[in-house]
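Data first, discussion second: the structure below is written as structure tokens.
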Amino acid sequence: MRPTPDQYQAAMLLSAAGDALGYRNQLWEYNESGVAIHSELAGLGGLKAIRAALPDWPVSDDTVLHLATAEALVAGKEGDELLQELAFRYVEAMKDMEGRKPGPTSILGTSQLMPGTPLGFRIPFNPEATGCGAAMRSMCIGLRFPRPEQLSDLISVSIESGRMTHHHPTGFLGSLASALFTSYAVQQRPLLTWGSGLMETLPKALQYVEGVGVDVAENRSEWSYFSEKWAWYLSERGLQSSEGPVKWPTPYGVEERDAVYKTFSLSDWPGRSGHDAPMIALDALLGAGADWDELCSRAMFHGGDSDSTGVIAGCCWGVLHGLSGVPEGNYCELEYRSRLEQAAEQLFQLAWG
């Protein structure tokens with residue numbers, strides 16, 4: 001079914017809302033306790049009382065870099081010209097990081113980019129580049145290439161944009177996952193099938209990396225962790241065959257989720273890595289249904305990298321459910337709202353005409 005422009009608007013706005021809410025101006029992104037975050041949230045009057053606006057609720061580096069991806073995509077370029085545009089936008093975006101706490105791998109990666117020079121969008125393989133900095137900025141790639149027949153474009157652009165900073169499979173496959181899940185939301189593909197769809201796509205991603213021929217041996221040697229961790233997660237949730245029902249831990253409240261999310265993680269910091277930021281986002285989408293408050297509880301208000309999981313979950317939820325049921329204050333005064341809305345409009349026009 002053809003989506004509506006409103007779905008694209010909701011996707012871009014609620015991605016930024018999820019970022020701002022999970023970030024809370026540096027206070028919640030680095031909080032290890034979801035219980036403490038929920039207590040502070042109650043003290044603020046609850047989610048409905050929050051007006052996500054400057055100065056207290058800025059967007060983080062996640063939205064700044066997501067906008068950079070979106071605005072590069074709508075420049076109308078293809079192939080290497082698009083990759084040069086992405087590299088240029090990422091370098092420019094790093095000038096807007098005061099108070100936004102970009103990750104060290106994103107800082108290093110963008111410092112190595114040389115847009116405008118031949119292959120200036122490539123950086124060396126980095127065995128430490130396992131973080132979520134690529135996953136948190138790629139959802140709009142799924143808005144640009146939403147159709148099943150555009151999967152090869154989605155794979156190539158998400159991988160190449162991802163390894164402009166995170167040239168390691170655990171990092172750049174997170175970019176693929178976030179873009180792919182967003183395309184699934186546009187397709188109205190059942191949530192129970194998203195994880196298995198990712199698993200079916202990973203061999204095609206490896207074929208792409210091998211076909212491009214850049215640092216193939218290094219990437220192949222580190223490839224297995226991402227797919228093995230996702231296979232484990234799908235087994236935990238009973239979703240290997242995409243049929244369900246979802247198997248949930250009992251109980252699975254705020255405190256329990258903090259502990260379970262750590263089992264997803266690479267370094268006991270939930271959502272910090274390329275594999276588990278989209279994993280937590282999907283877990284939250286599966287558990288929340290059409291309830292925005294519940295989505296935020298699971299994806300934005302947990303111990304760990306809560307803005308990065310929030311930015312992914314918010315985007316997909318926006319495609320699926322629009323702005324209905326979302327307190328207006330959560331998105332109506334967002335930093336960069338006009339840019340987000342313009343990018344959404346242009347992405348829709350490019351994707352659907």
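Taken together, the values in this text are just the output of simple stated rules run on the coordinates, not laboratory data. Please read all numbers here as calculations on a predicted model, not as lab measurements. Here the Cβ positions follow ideal geometry from the backbone for every residue, glycine too, while neighbour counts run over all protein chains shown.
Among the criteria (1) surrounded by 14 or more Cβ atoms within 10 Å (Cβ to Cβ); (2) closer than 23 Å to A129 by Cβ, the one A284 does not fulfil is (2). Pairs meeting the criteria (first residue in the stretch 335-353 and under 14 Å from P146 (Cβ atoms), second residue among the hydroxyl-bearing types (S, T, Y) and surrounded by 18 or more Cβ atoms within 10 Å (Cβ to Cβ), beta carbons under 8 Å, at least 6 apart or on different chains) are A344/Y8; L347/Y8; F348/Y8. When the stretch 242-274 is limited to residues that are surrounded by 13 or more Cβ atoms within 10 Å (Cβ to Cβ) and of a type in the set (K, R), the one that is farthest from S106 (Cα to Cα) turns out to be R257.
Considering L65, L113, the condition of being closer than 30 Å to G325 by Cα, in contact with a Ser or Thr (Cβ under 9 Å, 6 or more places away or on another chain) and buried (at least 16 other Cβ atoms within 10 Å of the Cβ) is satisfied by L65 alone. Cβ-Cβ contacts under 6 Å between residues 6 or more apart (or on different chains), taken from a first residue in the stretch 286-307 that is in contact (Cβ under 8 Å) with a residue 24 or more places away in the chain and within 21 Å of G43 (Cβ to Cβ) to a second residue that is of a type in the set (V, I, T) and assigned to a loop (DSSP other than H, G, I, E, B), are listed as W292/V326. Number of residues in the stretch 37-66 that are over 23 Å from the mean Cα position of the chain (by Cα) and in contact (Cβ under 8 Å) with a residue 40 or more places away in the chain: the value is 3. Of note, A129 satisfies the criterion of being surrounded by 24 or more Cβ atoms within 10 Å (Cβ to Cβ), within 18 Å of the chain's Cα centre (by Cα), aliphatic (A, V, I, L, M) and assigned to a loop (DSSP other than H, G, I, E, B). A Cβ distance below 6 Å, combined with a sequence gap of six or more or placement on separate chains, defines the contacts here; from the stretch 229-241, residues that are surrounded by fewer than 17 Cβ atoms within 10 Å (Cβ to Cβ) reach residues that are part of a loop (DSSP other than H, G, I, E, B) in the pairs G238/K247.
Across the stretch 75-90, the qualifying residues are those that are surrounded by fewer than 18 Cβ atoms within 10 Å (Cβ to Cβ) and in contact (Cβ under 8 Å) with a residue 12 or more places away in the chain, and the one among them that is nearest to E345 (Cα to Cα) is G76.
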